[in-house]
Amino acid sequence: KPNEVTYNSLLTKAPNWNDALNIIQTMKREGLKPNEVTYNSLLTKAPNWNDALNIIQTIDESHINNRYLRSTFLKIAQTHQEETLASLNSAPKDALFFNSALRMIMREFHLPLVGGQTFYHKYFDQISRLEDWSLIQFIDTKLCPEEWKLRLVEFLPSKESNWWYHKIKADALLNSDHEQSFSLLKRAYQLVPDDYKVQVHAIWIKTVVLNDLENEFQTAIEKCNLCLKNQNTKGNFPYVGKLLVWLLLRNSTNVEAFTESLNRIIATYQISRRLIGKFLSKELWTDFPERQIEKYRTDVANDLAPNLMEKKGKKFKPKT
């Protein structure tokens, strides 16, 4: 007698959408309930966005765990980008769409979000009520204007017990009130899982850098090294690495001392020399406090940076 495995095999071989739907109907008549594997196979046959969305709504109504379907649904969303974006911007506020399809897409959304801030404003209340932290993290990094970050997290019922709340709030306040920012980060440290401590460290270091808190430089450098040891730095140049480079330059007595420190971190963490060179030529002077390191600009941007980008594998030696 056919079982779920049999019907799933038939679904994967179905030549078109209608045949796939007929197989599902036959399965139901036989008294078998489609599961997440069955629906995943059906999703791969969806010819357009609306048919895929209907399946997601059925899954939601059936209380089936849909986390296994996310990657398939995202592929469909990418294939039908215009329809996806239209649905995101036109769905009624109370639509089942929001609680099923939207949550799946937003966690790992790879589409260009046209009118992203308008969409954010429209769904602000729903986002808050869902209290879906993976969704909030996406909103924070992709959509949320700076002035809305605090409002977003303040709406969350369990905000005081969630490290992300304290981290976002600290990040938003670090320029205006670094003492309050440090206080919030202290609470975040108490709550954050070990796997995410790098994020809290990064905000702490960023607070020191942007406020030029000289008394905290050594601790900030130690935190940078701790973070880099726990990140994949080979051939990369993470944000914490950029903070460390600024701190090393700010803390150096001359370009020669900075160069020695820079060569050490390149060797230790196998950070991309080319990416560091690009950073030293422009981003260091535009996105980070420059007044305190201005005296080094000519030697670093015009001499050291090109050397790092052009002479790969060779340690740079400053001119004497």
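The values are calculated or read from the model by the stated rules, or taken from the named source; none is laboratory data. Quick caveat, the model's predicted, so the values are computed rather than measured. Counting neighbours? That spans all protein chains shown, and the Cβs are built from the backbone with ideal geometry, glycine included. The area values use the complete protein model at the heavy-atom level, side chains included, leaving out ligands, DNA and RNA. Shrake-Rupley method; radii C 1.70, N 1.55, O 1.52, S 1.80 Å.
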- [ ] Would you check which residues across segment 197-229 are more than 25 Å from W285 (Cβ to Cβ), among the aliphatic types (A, V, I, L, M) and buried (at least 16 other Cβ atoms within 10 Å of the Cβ) and list them?
- [x] V198, V200
Open item on the list: For segment 175-195, check the following and say yes or no: at least one residue is at negative phi, touching a residue at least 40 places away in the same chain (Cβ under 8 Å) and open to solvent by 20 Å² or more (accessible area, probe 1.4 Å).
Closed with: no
Task: Lone unmet requirement of (1) more than 28 Å from E310 (Cβ to Cβ); (2) open to solvent by 60 Å² or more (accessible area, probe 1.4 Å); (3) at pLDDT below 90 for K169 - done: (2)
Open item on the list: Condition (residue is within 15 Å of E4 (Cβ to Cβ), buried (at least 20 other Cβ atoms within 10 Å of the Cβ) and modelled with pLDDT of 85 or more) applied to segment 45-58: is it met by at least one residue?
Closed with: no
Open item on the list: Could you tell me how many of the residues in segment 263-275 are closer than 13 Å to I221 by Cβ and surrounded by 19 or more Cβ atoms within 10 Å (Cβ to Cβ)?
Closed with: 1
- [ ] Would you mind telling me which numbered condition in (1) open to solvent by 60 Å² or more (accessible area, probe 1.4 Å); (2) in a loop (DSSP other than H, G, I, E, B); (3) touching a residue at least 40 places away in the same chain (Cβ under 8 Å) N232 fails?
- [x] (3)
Open item on the list: Pull out all pairs, ordered by first then second residue, where Cβ-Cβ is under 9 Å, the residues are six or more apart or on different chains, the first lies in segment 278-299 and is aromatic (F, W, Y), and the second is in a loop (DSSP other than H, G, I, E, B) and open to solvent by less than 90 Å² (accessible area, probe 1.4 Å).
Closed with: F279/F237; Y296/S252; Y296/N254
Open item on the list: So V114 ticks every box in (1) at pLDDT 60 or above; (2) farther than 25 Å from G241 by Cα; (3) in a loop (DSSP other than H, G, I, E, B); (4) not acidic (D, E) but one. Which box is left unticked?
Closed with: (1)
- [ ] Could you run through segment 238-269 and say how many residues are under 23 Å from the mean Cα position of the chain (by Cα) and in a loop (DSSP other than H, G, I, E, B)?
- [x] 1
Task: Close pairs (9 angstrom Cβ cut-off, 6 or more residues apart or separate chains): under 17 Å from A52 (Cβ atoms) in segment 1-28, open to solvent by 60 Å² or more (accessible area, probe 1.4 Å) and part of a loop (DSSP other than H, G, I, E, B) anywhere - done: L11/T44; T12/T44; N16/P47; W17/P47; A20/T44
